Ligand code: SF4
């Protein structure tokens with residue numbers, strides 16, 4: 001079992017996951033530097049798969065490198081760039097290196113990236129991929145071909161409680177849970193009441209019996225960053241009052257502080273919801289705010305060390 | 001007739017549902033909205049990119065087909081079981097069926113055939129189904145042991 005799976009299972013404290021920065025050049029030293037910054041404060045980190053349809057060092061390579069630097073990876077696999085054969089091969093290949101946490105995503109469309117001319121694949125959708133990845137852990141490929149000594153995968157997915165059709169999002173989460181998703185990282189969102197309804201719906205429909213919900217918050221520094229996400233990131237919408245609140249805070253420092261306070265409030269709210277198992281952090285500030293946030297929230301390995309996991313000597317893969 | 005059927009099916013379904021002839025029609029379980037018109041060809045619900053106004057991430061001028069489908073799945077005009085089927089997990093598309101008639105595939109059950117692993121079972125290492133593990137090769141005798149396994 002991965003460390004993340006153990007922590008979620010035990011449920012003694014909220015888990016903290018984060019997004020690994022995209023790596024292009026700089027060799028493994030670049031990975032090590034980013035890993036060093038995150039390691040003390042998080043339980044596991046997402047190795048992204050060409051986020052926003054921009055090519056970067058691959059999900060498998062980053063996941064493997066991360067684990068070599070003592071950071072537990074959650075390897076994202078998106079359906080946009082590869083067919084079912086290649087995605088299964090990536091998961092099985094990564095598992096040789098001890099990668100166990102797999103997050104299955106549809107993926108932003110190619111038109112969101114800098115190579116909109118690319119062919120989109122979407123041979124499987126994310127729910128189908130959850131089921132296929134779970135099958136790998138059960139000992140067979142999608143074809144049915146057996147895998148001797150299958151990898152112990154911890155398969156999850158993402159869901160967006162903030163995008164229409166709002167009422168249907170719980171059903172989609174349920175479908176993913178039934179397909180085998182053991183955790184759902186939730187999209188960035190600025191509508192606390194939508195998150196509340198979604199989480200309550202998931203509790204009501206039994207999603208949380210099998211599947212951990214992990215909402216996402218973002219650390220930003222400016223109102224411009226919020227406007228950018230609102231306008232340009234697929235599936236993210238931010239209420240105008242929230243942007244105005246940050247924009248109207250005063251000078252640059254005051255705005256940065258107000259942005260931080262907004263993130264802190266959203267985090268506290270998310271963690272207060274029964275059915276939420278942890279939080280996912282995306283850091284666009286890179287100014288030590290991530291550490292400040294986990295300290296203020298008193299979560300994560302640095303500020304709420306888990307006696308059971310550390311006493312039993314559980315280490316990351 | 002079998003040759004004409006795909007043409008006829010396309011002639012009927014294209015104008016109404018913008019049919020893409022995937023050969024495995026699921027229209028009734030998706031509120032009579034064709035999931036193959038989703039730019040990501042998703043068959044199990046909307047992606048996370050749906051815009052605040054319910055329009056498509058990829059084509060802002062178009063309503064997300066899954067927003068439409070979800071609405072229509074509740075339509076009182078549909079038989080009740082269609083609403084339930086909306087939430088079912090639909091299997092991956094069999095890309096070999098592209099361009100064939102889903103009507104024929106429905107009648108002979110071809111559209112419901114899924115890979116063995118989809119239904120959970122690991123196949124025996126040496127499949128009893130002739131050709132099930134066959135790969136296209138010029139000279140099968142030169143393959144190393146275990147190639148088919
Ligand atoms: S927004 Fe809707 S129609 Fe557009 S790609 Fe996503 S699921 Fe498909």
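None of the figures in this text is laboratory data; all of them are computed from the coordinates on show. Here the structure is a predicted model, which is why all the values come from computation and not from measurement. Cβ sites come from the backbone with ideal geometry, for glycine too, and all protein chains shown count toward neighbours.
A few notes on this one:
- The alpha carbons of region B:2-107 give a radius of gyration and a Dmax of 14.0, 45 Å, in that order.
- Computed from the C-alpha gyration tensor, the three semi-axes of the ellipsoid equivalent to region A:3-316 are 29, 22, 21 Å, from longest to shortest.
- Take each residue of peptide B:68-75, count the partner chain Cβ atoms within 10 Å of its Cβ, and average: the result is 2.
- Antiparallel DSSP beta bridges within the protein assembly as shown, percent to nearest 5: 5
- Over region A:3-316, relative contact order from alpha-carbon pairs under 8 Å, at least 6 apart, %: 19
- The orientation-averaged projection of the convex hull spanning the C-alpha atoms of region B:53-107 amounts to 5.9 square nanometres.
- The mean sequence separation of alpha-carbon pairs under 8 Å and at least six residues apart, normalised by the residue count of region B:27-89, gives a relative contact order of 42 percent.
- Each peptide among A:101-108, B:49-56 gets the average number of other Cβ atoms lying within 10 Å of its residues, and from highest to lowest they stand as A:101-108, B:49-56.
- Nitroxide proxy distance, nm - points 7 Å out along Cα→Cβ at residue B:89 and residue B:12: 3.2
- Rg and Dmax of region A:190-262, based on Cα coordinates, read 15.1, 47 Å.
- Global size of region A:58-182 as Cα Rg and Dmax, reported in angstrom: 14.8, 42
- Nearest 10 degrees, 0 to 90: helix A:27-38 Cα axis against chain A principal axis: 60
- Sorted largest first, extent of region B:27-89 alpha carbons per principal axis (Å): 32, 21, 16
- Square roots of five times the Cα gyration tensor eigenvalues for region A:149-230, Å: 26, 17, 10
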